[in-house]
Structure formats: C-alpha cells, structure tokens
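Peer 1: To start, I am sharing the structure in question, which I have written as structure tokens.
The values are calculated or read from the model by the stated rules, or taken from the named source; none is laboratory data. The model shown is predicted, which means the values in this text are computed figures rather than measured ones. Cβ placement follows ideal geometry from the backbone for every residue including glycine, while neighbour counts extend to all protein chains displayed.
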Amino acid sequence: MRLQLLTVAVLAALGAGQASADPATDAAKLNKKLHGQYAAQQTETCVSSQAGFGPAPGYTALGPTGGSTSSTSNVTTYNGDGTFTLEGDALQLQLKLPDPSVVVTNPVTRSHFVCSGTYQVNADDTFTTEYTCTGNVLTGVVPGLAFTLTGGRSDGLIVSKKATQVRQDAVNSDVISTVYGPIPRICSRTGTATKLAKDKDKDSEE
C-alpha cells in the first residue's frame, strides 16, 4: 500500500512539473489577454540632464537639470503576441532648462511620434512595456527637429477587457536624442486607455 501511495505521489508531482515546465508558453498565453487598439491619454513628468544621472535608487544628477511635463494622446495597438506599436501627439511644457542663464522663450512644444516595442502581461493582470520611438517637433523652439527615444519603459494594469491604466511602479531612465546630442531623462507616467469600439468583435470571441 505504501508503495502504491508513493507511486501516485510521484506521478502527481511529475504531472504538476510538466504543467508549468514551459514558462515561455505561459507568458505567451498571458500576452493574449492584451490585444487590439486602445485610445490612451497620458501625463508624463521628466527631469533631464545632459551629464546623465547616477545609479538607482538615488539617481543623483551629474550636472544641471531641466524639467518638463507633457500631455500625450495616442492609439496603441497590442498584437496579442507581446509586441505593440503606437502613434500619438504630445503637448510639452518646458518648466526649466539645465542652463539657468538661458531664457525659455518657447515653453510650449507640440510633437508627433511613433513607437514600437514589447510587452509582458503578468498573472495578476499587471504588465510592463519596453519601447523606442521616433518623432518630429511640430511647433516650438525648433520646428521640424527630428528626435528618437530609447530605453522607454512603463508599467500598466489591465482593468477590464476594455480598459487599461498606465502607471510608473519604478523610476524609468530613458534618452532623447537629436542632432544636438543625447539628453538622459528620468520620467514618471500615469494615464488611462480605452479599447476602441471597432474591436468589440474580438471581445465577443474571448
């Protein structure tokens, strides 16, 4: 009898191990929970320093700092496979420049941008995104200026099949680059997103 019980216990343990033996498969299944197009509104507050910042958790500025806040609107397309793209517009208010002797003559900047990246949904419906962007300044101090963003990262929560939240669980360090050089930044982001109505058929299939 003991031998039979031991055999059953071993088989059960092996079965449980097989069920969770492929984390990549589990991750792929979770990513299917986030798919379709979402209209998002987001607020971003950043501190920049051309000299960069020290390591976490202090992020000590290595030179003079500047500050800005932005309001962005975008449409994000989650592909259900851990990849996404987005296109949007930003209205940025320049709060201060790293060089205090320089007057902010054009504090308002409008820009258009596109991004692509990856995301991972977790079992608790939180998710993280990592992305890069390219864009152009539409109005402001240098209209037409092209820029790239690297190292973008944000956190989110799937509230329902039709809504998500953007939040910043950890400080994010990214870099904005133009012909004038790279500018490291530290940013926090918050916002909400709603699934577009044309994706309602996908909801009914789930």
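Peer 1: What pairs come up if the first residue lies in the range 160-176 and is without any contact (Cβ under 8 Å) to a residue 60 or more places away in the chain and farther than 23 Å from LYS32 by Cβ, the second is among the acidic types (Asp, Glu) and assigned to a strand (DSSP E or B), and their beta carbons are under 8 Å apart, counting only those six or more places apart or on different chains?
Peer 2: These pairs meet every condition: GLN168/ASP155; ALA170/ASP155.
Peer 1: To continue, here is another question. Just a yes or no: is a residue in the range 111-126 out of contact with any strand residue (DSSP E or B) (no Cβ under 6 Å at 6 or more places or on another chain), under 18 Å from ASP155 (Cα atoms) and small (Gly, Ala, Ser)?
Peer 2: Yes, the range 111-126 contains a residue that is out of contact with any strand residue (DSSP E or B) (no Cβ under 6 Å at 6 or more places or on another chain), under 18 Å from ASP155 (Cα atoms) and small (Gly, Ala, Ser).
Peer 1: When you scan the range 7-30, do you find a residue that is more than 20 Å from ILE176 (Cβ to Cβ), at pLDDT 75 or above and in contact with a strand residue (DSSP E or B) (Cβ under 8 Å, 6 or more places away or on another chain), even just one? If you could, list the steps in order and put the result at the bottom.
Peer 2: The initial filter retains those residues of the range 7-30 that are more than 20 Å from ILE176 (Cβ to Cβ), namely 7-30.
Retained after the next criterion (residues that are at pLDDT 75 or above): 23-30.
Imposing the further condition that a residue be in contact with a strand residue (DSSP E or B) (Cβ under 8 Å, 6 or more places away or on another chain) reduces the set to 27, 30.
Yes, because at least one residue in the range 7-30 is more than 20 Å from ILE176 (Cβ to Cβ), at pLDDT 75 or above and in contact with a strand residue (DSSP E or B) (Cβ under 8 Å, 6 or more places away or on another chain).
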